[in-house]
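What follows is calculated from the coordinates using simple rules that are stated; it is not laboratory data. For clarity, every value in this text was computed on a predicted model and none was experimentally measured. Virtual Cβ from ideal backbone geometry, glycine too; neighbours counted across all protein chains shown.
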């Protein structure tokens, strides 16, 4: 749609074949990412956010996984039909990826420097010297001190936060236009988490990279993102600018997520409200709204029919029947 | 790394001494003795015992023995009079070493290749083939394997010699018979280890970096998968070495294994003792080398000190 | 707050009645869609599904039954020499032929199976028990005790086990009890090492810490939390240890240290078969076939059990 749209995902449906049947992990997801912006994907475990992210680089194992329909366009080029060889040119150099657990995401038998330079492995036009310069430079940028020594070290000699900085360096060294960060701070201490988030923010300003930030933590979203995509049961339930999502919340699930975040501005008497129940089983997803079973506002239609994405305001969409013009006016309870 | 090597060395030396002591005691409490025979009178027997020092108390014998060992003397055989244990070892060990090396080279190289191919082609025909070879290999005892090879290639088809050790064609059947079991062991371990590594996060990281498959397999998968296999090389070497016992007697190869089995059957104390100590040292040394090798390839040990 | 447009297409027409409020669905909310199986039920289900492992189990049971009953229901004794029927090939009288002394090979095979299988199973079970107790105690209590045990294991592990077995056999003399003793003296080390490792790992897991914080006694933690989690591994290991013990028995008998004639085992039969290889090869093929199929079945069963009993693989195929 817009000219600056870098990545455009439309009606993406990705499933896994398992012994129990086909698991529909992602069901018709559409969103776009513009150059230099930060898009958050938020949702609880198993909602399909990681699978969506990995689809962008075709990192999901195929088989058992397979694309059912939809398209992913990067700079107007279709990703889904690209061969592995073509994907290699995009991975690392065009789109970087930061994984959740830095402890297990680095090869234990390879030096830090070598691992960062690996991004250039399929690019013989970049000289050895230049590779090292780039690696050293990016290591400095991600705030690693004593770079020359670190360059020669192995992952086990680094702390968790340090390893995640290395992972970030690795994702950025190819100077990609998008970095996908899949819960990059979940396995870190809170103080380290804050440092890493600040670092990402700083790097984005300096490099102008777009970031797709996947998390289950709305606090992180508020801190980092321009736009948010809320996923539930393999579908997008709400998407829009951060302020719209936080202050003009359209979907009861988003509302539930917000209610379960601790806040300092409220008195101690106000208790956190959990969303009761568990996400739907994606072996046999419900016909209607996936959240209907856990939704206190659920209506008859919610069980029977999938809600379309209603536009609440410019760029703010919400897939909930409550937003239908004929639906009863209901104020979502906020605490 | 130096600390690690020293520690492994200390363990090896202690092991060697425990081995010498245990074997010394075991050999001395063995029932029967080599001097029982029709022509041997009590006087001759007493003389012989004095000659070999058996009339002295056990601790004295022990310290004399250890002292001699440190000087490199293994004593004299009781069955093959006038031949020193050292001579017999020097004569027979090269055969065993040659055979063992051939079998090890064969089994480790092919085993690794099979394991890697199987894991890379999981669930396909090639995997099935490798798994079947591995299962067969661990299911056929080496003496049966040896006998079957002799039967098929030697007796039925007459292609290869089935006894003696005189040239390359003589080495083929015993090497296969000896190496098949360890080949199966290595390929099973490598397959399991590769499958474990393939599912690791850092493989996905490497993939997300746009690295080619070949490079991922070589630099990331094999490099990491081979480490647990190296730790298991000690038992692999042990299995090959002990395998020589039976393979040598089946193929009539004049190696250490053949002498060892004979000396046990003849109750030739000093030969059993000497060969056990030698054999044990070889194995302890091999284990030591494997530990060092492991230290070299695993940076966590090489640099961690622990 | 209502919408005026949809992202794609028109806003659908929905009857007002369908906007009736119904709220949460208590039943569906916490619904567990897959059946709830206990660990052993799940393991059994998976073993049954694994045709190879299941057939292997049946084959082993068949061999065990034949080992018990076949010698009883045969007209020949296993050591009965018959000089008029030497080296005879398979026939109606002698199903698997006779050996160089005219002894019936069918009876000798199953008599041998009795000896070999019982040695294999007894030695493997005892090894597993001793190893599990020593490794478990060492890993669970840790500290000085663990250090001492580990040093001992380190040293013992470095000694070639076959040598010790051979020497112990020479000291004790041949026979089934001494074979079992000789196999146990070095056999427990492997089990002890891996059980210790597993216990060390489990000890650090949160569910054990949780039990400790709740004041559960050590004994109860071991019985309720540690043992169920390593049982699968021990059983798998045990299955793999049986062929090893049979292997060793056959080897020792082969070099003349295991079972002394006239008693027979598969190792003895193989040894006698090898002697006749040039003349009557079937005398080797018969014991070789049974040794190899037993090993094969046990190995395949072990593989199947490893997959079936791995708690991490639960619920998958």
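How many residues does the range B:183-200 contain that are outside any helix (DSSP H, G or I) and surrounded by 24 or more Cβ atoms within 10 Å (Cβ to Cβ)?
0
Would you mention how many residues in the range C:240-272 are more than 9 Å from chain B (Cβ to nearest Cβ), assigned to a loop (DSSP other than H, G, I, E, B) and surrounded by 24 or more Cβ atoms within 10 Å (Cβ to Cβ)?
Of the residues in the range C:240-272, 4 are more than 9 Å from chain B (Cβ to nearest Cβ), assigned to a loop (DSSP other than H, G, I, E, B) and surrounded by 24 or more Cβ atoms within 10 Å (Cβ to Cβ).
Restricting to the range B:206-228, give me the number of residues that are without any contact (Cβ under 8 Å) to a residue 12 or more places away in the chain and within 24 Å of residue B:241 (Cα to Cα).
Looking only at that region, the number is 0.
Conditions first: (1) in a helix (DSSP H, G or I); (2) without any contact (Cβ under 8 Å) to a residue 40 or more places away in the chain. Residue A:170 passes all but one, so which condition is the exception?
For residue A:170, the exception is condition (2).
When you go through B:203, B:172 one by one, which is the residue that is part of a helix (DSSP H, G or I), surrounded by fewer than 24 Cβ atoms within 10 Å (Cβ to Cβ), within 11 Å of another protein chain (Cβ to nearest Cβ) and without any contact (Cβ under 8 Å) to a residue 40 or more places away in the chain?
The match here is B:203.
Conditions first: (1) away from every other protein chain (no Cβ under 11 Å); (2) surrounded by fewer than 16 Cβ atoms within 10 Å (Cβ to Cβ); (3) in a helix (DSSP H, G or I); (4) free of Cβ contacts under 8 Å to residues at least 24 places away in the same chain. Residue B:153 passes all but one, so which condition is the exception?
Condition not satisfied by residue B:153: (2).
Would you check if there is a residue in the range A:305-318 being surrounded by 14 or more Cβ atoms within 10 Å (Cβ to Cβ), more than 10 Å from every other protein chain (Cβ to nearest Cβ), in contact with a strand residue (DSSP E or B) (Cβ under 6 Å, 6 or more places away or on another chain) and outside any loop (DSSP other than H, G, I, E, B)?
Looking through the range A:305-318, none of the residues is surrounded by 14 or more Cβ atoms within 10 Å (Cβ to Cβ), more than 10 Å from every other protein chain (Cβ to nearest Cβ), in contact with a strand residue (DSSP E or B) (Cβ under 6 Å, 6 or more places away or on another chain) and outside any loop (DSSP other than H, G, I, E, B).
Quick one: in the range B:255-297, which of the residues that are in contact (Cβ under 8 Å) with a residue 12 or more places away in the chain and within 7 Å of another protein chain (Cβ to nearest Cβ) is farthest from residue B:64 (Cα to Cα)?
Going through the qualifying residues, I end up with B:287.
Looking at the range A:285-304, which of the residues that are at the interface with chain C (Cβ under 7 Å from one of its Cβ atoms) and free of Cβ contacts under 8 Å to residues at least 12 places away in the same chain is surrounded by the most Cβ atoms within 10 Å (Cβ to Cβ)?
A:298
Condition check ((1) within 13 Å of chain B (Cβ to nearest Cβ); (2) crowded, with 20+ Cβ neighbours inside 10 Å; (3) without any contact (Cβ under 8 Å) to a residue 24 or more places away in the chain) across all residues:
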residue: C:120; (1), (2), (3): yes, yes, no
residue: C:124; (1), (2), (3): no, yes, no
residue: C:151; (1), (2), (3): yes, no, yes
residue: C:159; (1), (2), (3): yes, yes, no
residue: C:162; (1), (2), (3): yes, yes, no
residue: C:170; (1), (2), (3): yes, yes, no
residue: C:184; (1), (2), (3): no, yes, no
residue: C:191; (1), (2), (3): no, yes, no
residue: C:194; (1), (2), (3): yes, no, no
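Quick one: in the range A:319-335, of everything that is more than 8 Å from every other protein chain (Cβ to nearest Cβ), surrounded by 15 or more Cβ atoms within 10 Å (Cβ to Cβ) and not in a helix (DSSP H, G or I), which residue is farthest from the chain's Cα centre (by Cα)?
Checked the range A:319-335; the qualifying residue farthest from the chain's Cα centre (by Cα) is A:332.
Can you tell me which residue in the range B:215-229 is nearest to residue C:158 (Cα to Cα), limited to those that are more than 10 Å from every other protein chain (Cβ to nearest Cβ) and surrounded by fewer than 18 Cβ atoms within 10 Å (Cβ to Cβ)?
Residue satisfying both the conditions and the ranking: B:228.
Which of (1) part of a helix (DSSP H, G or I); (2) over 30 Å from residue B:197 (Cα atoms) does residue B:166 not meet, given it meets every other one?
So the condition that residue B:166 fails would be (1).
Scan the range C:273-292 residue by residue and report those that are facing chain B (nearest Cβ under 8 Å), part of a helix (DSSP H, G or I) and surrounded by fewer than 21 Cβ atoms within 10 Å (Cβ to Cβ).
Correct list: C:292 only.
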